[in-house]
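Notes follow once the structure below has been shown.
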Amino acid sequence: MDADPARMLLMDAAIGGDARAFERLAEQHRTMIWSVCLRITGNTYDAEDALQDTLLAAWRGIGRFRRDSSFGTWIYRIAANAALAIIRARRSTDEISEAFAPERDFAEKLADADLVQRTMKSIPEDLRVALILRELCDFTYEQVAEYQGVGLATVKTRINRARHAFEQALTTGIL
């Protein structure tokens with residue numbers, strides 16, 4: 001939950017329909033939203049679509065935000081749902097495209113990001129989403145369990161398996 005008084009005023013204004021207040025709140029989380037979308041979808045094109053879908057869905061649903069959690073947690077959940085919806089739509093229409101892969105002559109940081117992205121894509125979806133929600137979005141195990149509709153033990157197993165698969169893929173170079 002957001003305890004910062006300035007953020008609470010922004011939240012009140014956004015819930016009341018103030019588009020600028022919503023924009024300021026969303027901008028504070030934009031990098032993390034983008035990261036969630038990119039990690040789940042696996043490519044920049046789908047991540048851009050998921051980001052736009054997230055912002056639109058959040059704006060449309062801001063009046064229903066109950067403040068049970070922080071704004072960040074709420075919007076990251078919307079981002080994860082938007083990214084998963086794009087993946088599922090792509091699968092259902094057989095429009096699976098190759099992930100964006102930066103050329104090797106880019107900066108070292110981009111090469112590392114590419115390796116992480118490809119490694120994440122190699123992990124099964126349910127494990128990958130659990131790991132992203134836990135590590136990137138700071139969801140508690142309970143929140144991940146609720147989001148995925150599974151028990152707490154299943155979430156812990158998924159995250160453990162995802163971490164192991166990630167480590168294996170990086171150390172063996174099998175991607």
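What the table shows:
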| quantity | calculated |
| --- | --- |
| Filtered residues of region 147-175 (kept if closer than 24 Å to SER70 by Cα and either hydrophobic (A, V, I, L, M, F, W, C) or in contact with a Phe, Trp or Tyr (Cβ under 9 Å, 6 or more places away or on another chain) (or both)) | TYR147, VAL150, LEU152, VAL155, LYS156, ILE159 |
| Residue count, region 26-42 (criterion: over 20 Å from GLN143 (Cβ atoms) and either crowded, with 17+ Cβ neighbours inside 10 Å or touching a helix residue (DSSP H, G or I) at 6+ places or on another chain (Cβ under 6 Å) (or both)) | 5 |
| Flag for VAL155 being in a helix (DSSP H, G or I), free of Cβ contacts under 8 Å to residues at least 40 places away in the same chain and β-branched (Val, Ile, Thr) | yes |
| Unique residue being outside the structural domain of GLU142 (by TED's automatic domain parsing) and either touching a Leu at 6+ places or on another chain (Cβ under 7 Å) or at pLDDT below 90 (or both) when the list is ALA3, ALA13, ALA19 | ALA3 |
| Positions within region 54-74 being in a helix (DSSP H, G or I) and surrounded by 16 or more Cβ atoms within 10 Å (Cβ to Cβ), in sequence order | THR54, LEU55, ALA57, ALA58, ILE62, PHE71, GLY72, THR73, TRP74 |
| Residue under evaluation GLU146, criteria (1) without any contact (Cβ under 8 Å) to a residue 60 or more places away in the chain; (2) more than 21 Å from THR73 (Cβ to Cβ), criterion not met | (2) |
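Residue by residue, here is whether (1) among the basic types (Lys, Arg); (2) within 15 Å of the chain's Cα centre (by Cα) holds:
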| residue | (1), (2) |
| --- | --- |
| ALA145 | no, no |
| GLN148 | no, yes |
| GLY151 | no, no |
| THR154 | no, no |
| ARG158 | yes, no |
| ALA169 | no, no |
| THR172 | no, no |
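The values are calculated or read from the model by the stated rules, or taken from the named source; none is laboratory data. The model shown is predicted, which means the values in this text are computed figures rather than measured ones. Glycine gets a Cβ as well: all are built from the backbone with ideal geometry, and neighbour counts include every protein chain shown.
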